[in-house]
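Peer 1: Take this structure first; my questions come after.
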Amino acid sequence: MIERRPIECWLSDMDGVLVHEGHPIPGADEFVRRLTEANRRFLVLTNNSIYTRRDLSARLASMGLHVPAEAIWTSALATAQFLSDQRPEGSAYVIGEAGLTTALHEAGYVLTDIDPDYVVLGETRTYSFSQITRAIRLIEGRARFIATNPDPIGPSAEGSLPACGAVAAMITKATGVEPYFVGKPNPLMMRTALNRVEGHSESTAMVGDRMDTDIVAGVEAGLETILVLSGVTRKEEVERFPFRPSHVLPSIADVLPMIGERSGS
């Protein structure tokens, strides 16, 4: 058993924990406010690679949630850091939007469709058959296959949309090559987030709404885990999984008492 220390750092999923279908979940604004007032280091995590963290900060602010850009960590940023560590100043053919392309540019990557080191698949609202075809041919030509996250579908006002995991499966079926997924549930994303907040696993909590991504990633990274029932996973589904969260709570509002008094001076 890991000996737990008082929670000093907080990692929180975004969709299903702080917001739902474009609206803040009750208690989310108070959660962010208390973390700030208690001088707790925190990051808001998302597997969505569409937006830059400045974009996401502005979108959250429009809902009344004041999360600074530097307190947001996306699968696009984690992917860019991973690639920069693996192959500094490399090249990539990218299927994705500004969140991913900006992160890779800032990491020193060249974006090209001519003999790239990697094919990097992210989220986009308009997956192009010609782009997918190009990706398949580049992977057949020995480009390494990276995907920002394994989520098969994403939400929209009209219903579910195919997401990164679904398109990755199509490319894998065509090439026989499995991608390396950087985002949750890969504990790599948790470890990079921990490094960003200079946290330790024994004193960091992860709040999420999905057992199969947020909680398993937190468990594998050795964090205290809090499942909130305001998103994907239902209470009756928890027992189906071979791992357990440290806490199961109705919503982020019920997490508020766990935030301690001000730390530091």
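Peer 1: Could you give me the residue pairs with C-beta distances under 6 Å whose first residue belongs to the range 212-239 and is closer than 23 Å to P26 by Cα and touching a residue at least 24 places away in the same chain (Cβ under 8 Å), whose second residue is part of a strand (DSSP E or B) and polar (S, T, N, Q) wherever it lies, and which are 6+ apart or on separate chains?
Peer 2: Final answer for the pair search is I215/T225.
Peer 1: State all residues of the range 20-40 that are assigned to a strand (DSSP E or B) and either modelled with pLDDT of 95 or more or at positive phi (or both); if no residue qualifies, say none.
Peer 2: If we filter the range 20-40 for residues that are assigned to a strand (DSSP E or B), which is where we start, we get 20, 23-24.
Once the filter is applied, which keeps residues that are assigned to a strand (DSSP E or B) and either modelled with pLDDT of 95 or more or at positive phi (or both), the range 20-40 yields only P24.
Peer 1: Considering only residues that are out of contact with any Lys or Arg (no Cβ under 7 Å at 6 or more places or on another chain) and not in a loop (DSSP other than H, G, I, E, B), look in the range 251-260 and name the one that is surrounded by the most Cβ atoms within 10 Å (Cβ to Cβ).
Peer 2: In the first step, residues of the range 251-260 are kept if they are out of contact with any Lys or Arg (no Cβ under 7 Å at 6 or more places or on another chain); the result is 251-255, 257-258, 260.
Then drop every residue that is not not in a loop (DSSP other than H, G, I, E, B), which leaves 252-255, 257-258.
Values: I252: 26, A253: 16, D254: 16, V255: 23, P257: 9, M258: 17.
Restricting to residues being out of contact with any Lys or Arg (no Cβ under 7 Å at 6 or more places or on another chain) and not in a loop (DSSP other than H, G, I, E, B), the top hit is I252.
Peer 1: Step by step: first the residues of the range 1-19, then only those that are in a loop (DSSP other than H, G, I, E, B) and of a type in the set (V, I, T), then the one that is least open to solvent (accessible area, probe 1.4 Å). Which residue is that?
Peer 2: Filtering first and then ranking leaves V17.
Peer 1: Could you identify the single residue in V177, V167, V238 that is in a loop (DSSP other than H, G, I, E, B), modelled with pLDDT of 95 or more, of a type in the set (V, I, T) and out of contact with any Ser or Thr (no Cβ under 7 Å at 6 or more places or on another chain)? So that I can check it myself, show each step before the final result.
Peer 2: On the way: V167 fails: in a loop (DSSP other than H, G, I, E, B); V238 fails: in a loop (DSSP other than H, G, I, E, B).
One residue alone meets the criteria, V177.
Peer 1: Could I ask something else about it? Residues in the range 200-229 that are over 16 Å from the mean Cα position of the chain (by Cα), of a type outside the set (D, E, K, R) and surrounded by fewer than 22 Cβ atoms within 10 Å (Cβ to Cβ): how many?
Peer 2: Adding up the residues that qualify gives 5.
Peer 1: Here is a list: T52, T46. Which entry is on the phi < 0 side of the Ramachandran plot, touching a residue at least 12 places away in the same chain (Cβ under 8 Å) and open to solvent by 10 Å² or more (accessible area, probe 1.4 Å)? Please lay out each step first, then the result.
Peer 2: Numbers: T46 fails: open to solvent by 10 Å² or more (accessible area, probe 1.4 Å).
Of T52, T46, the one residue that is on the phi < 0 side of the Ramachandran plot, touching a residue at least 12 places away in the same chain (Cβ under 8 Å) and open to solvent by 10 Å² or more (accessible area, probe 1.4 Å) is T52.
Peer 1: Would you check if V248 is touching a residue at least 40 places away in the same chain (Cβ under 8 Å) and open to solvent by 50 Å² or more (accessible area, probe 1.4 Å)? Even if it seems obvious, please write down each step before you answer.
Peer 2: Values: touching a residue at least 40 places away in the same chain (Cβ under 8 Å): no; open to solvent by 50 Å² or more (accessible area, probe 1.4 Å): yes.
No; evaluated as a whole, the condition is false for this residue.
The values are calculated or read from the model by the stated rules, or taken from the named source; none is laboratory data. As the structure is a prediction and not an experimental result, all values here were calculated from the model. Virtual Cβ from ideal backbone geometry, glycine too; neighbours counted across all protein chains shown. Protein only, heavy atoms only, side chains kept; ligands, DNA and RNA dropped before computing areas. Shrake-Rupley method; radii C 1.70, N 1.55, O 1.52, S 1.80 Å.
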